[in-house]
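For reference, the structure is listed below as structure tokens.
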Amino acid sequence: MNWIAVSSIYKFEMTRFFRTITQSFVSPVLSTSLYFVVFGAAIGSRIQEVEGISYGAFIVPGLIMLSVITQSISNASFGIYFPKFIGTVFELLSAPINFIEIVLGYVGAAATKALFIGVIILGTAFFFVDITIQHPVWMVLFLVLTCVSFSLFGFIIGIWAGNFEQLQLVPLLIITPLVFLGGSFYSITMLPPVWQVISHFNPVVYLISGFRWSFFGAADVPILISLCAIAGFTALCLAVIWWIFRTGWRIRQ
């Protein structure tokens with residue numbers, strides 16, 4: 001394993017992140033504050049509790065997942081797409097490094113950025129609501145797995161995208177609606193029976209449910225199923241990336 005190559009890619013991507021550290025820090029804080037004002041105050045005044053949890057605290061895991069998923073995808077997709085766009089990806093491919101080291105560098109940096117944002121949002125939430133994390137180890141595990149898996153997915157999107165419009169297509173039209181409809185701001189048990197069944201076909205439901213369980217010990221889906229879902233998604237993304245580098249699809253073409 002060429003750790004120097006991995007470190008170089010990782011540091012390059014993180015340097016780009018720290019150049020806009022103020023924007024990266026302020027934006028999630030403001031967004032989280034607005035969500036608490038709109039959902040926590042406006043809707044929370046009408047919905048006092050969900051499954052015995054105050055509504056303001058109940059939406060915290062969903063807020064974190066919403067930001068972490070979108071940040072993971074956007075950071076990873078832009079990270080690999082930009083070298084394609086300016087043509088420097090061929091220098092990367094001709095260097096004495098393999099695809100595992102390339103993926104580790106780009107995906108590792110994207111996951112780190114998303115994890116940083118998730119921690120900021122969690123810290124901001126403590127100023128608005130009283131939160132008790134019942135299973136902190138599981139919370140960290142779910143957070144890290146989500147950052148890594150969706151960074152892998154974003155890496156795939158960055159390779160697939162042929163222009164900047166396509167780069168934003170999947171996150172805006174598919175991922176964001178799935179997150180909002182995945183129980184970010186409500187429990188799927190509050191839905192009519194038919195919609196509860198339909199919601200189980202949304203993969204994001206399992207992520208949010210497992211992450212919320214780590215906070216409050218309450219989940220819409222059994223914890224083992226949530227773990228299997230995120231593990232399966234990660235394995236699928238890894239398999240697709242392996243195939244991409246093996247065939248050169250959208251990289252050498």
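We did not get these values from a lab; they are worked out from the coordinates using the rules stated. Note that the structure is a prediction, hence the values are computed from the model and not measured. As a convention, Cβ positions derive from the backbone with ideal geometry for all residues, glycine included, and neighbour counts pool all protein chains shown.
Please list the helices of the chain that count as membrane-span-like by this rule: a mean Kyte-Doolittle hydropathy of at least 1.6 together with Cα atoms stretching 24 Å or more along the helix axis, each helix being a complete DSSP H run.
Working: long enough: 60-86 (39 Å, 1.13); 99-125 (38 Å, 1.83); 136-160 (36 Å, 2.18); 223-247 (36 Å, 2.03).
Both cut-offs are met by 99-125, 136-160, 223-247.
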In a Gaussian network model over the chain where Cα atoms closer than 10 Å are linked, find which of LEU66, LEU93, LEU152 has the largest mean-square fluctuation. LEU93
Loop only by DSSP, 14 or fewer other Cβ within 10 Å of the Cβ. Give me the chymotrypsin sites (Phe, Trp or Tyr not before Pro) in segment 190-253 that pass, ordered by residue number. PHE201, TRP249
18 Å cut-off, amide nitrogen to a point 7 angstrom out along VAL144 Cα→Cβ, residues in segment 100-121: 104-120
Using only alpha carbon positions, build the gyration tensor of segment 184-253, then give the equivalent ellipsoid semi-axes as the square roots of 5 times its eigenvalues, largest first, whole angstrom. 32, 14, 9
Applying 1/(1 + (r/R0)^6) with R0 = 30 Å to the Cβ-Cβ distance of ASP130 and VAL197, what FRET efficiency is obtained, to the nearest 0.05? 0.30
At 7 Å along Cα-to-Cβ for each site, give me the label-to-label distance between LEU172 and ARG246 in nm. 3.4 nm
Mean-square fluctuation maximum in Gaussian network of the chain, Cα pairs under 10 Å, restricted to GLY158, GLY79, GLY52, hits GLY52
Rg and Dmax [Cα atoms of segment 137-253; Å; Rg one decimal, Dmax integer]: 15.9, 49
Which residues make up the longest stretch of the chain that has no trypsin sites (Lys or Arg not before Pro) in a DSSP loop with at most 14 other Cβ atoms within 10 Å? 47-249
As a test of the formula, what do you get for the chain when each DSSP H run with n ≥ 4 contributes -39,500 (n - 2.57) and the sum is divided by the residue count, at 222 nm and rounded to the nearest 500 deg cm²/dmol? -23000 deg cm²/dmol
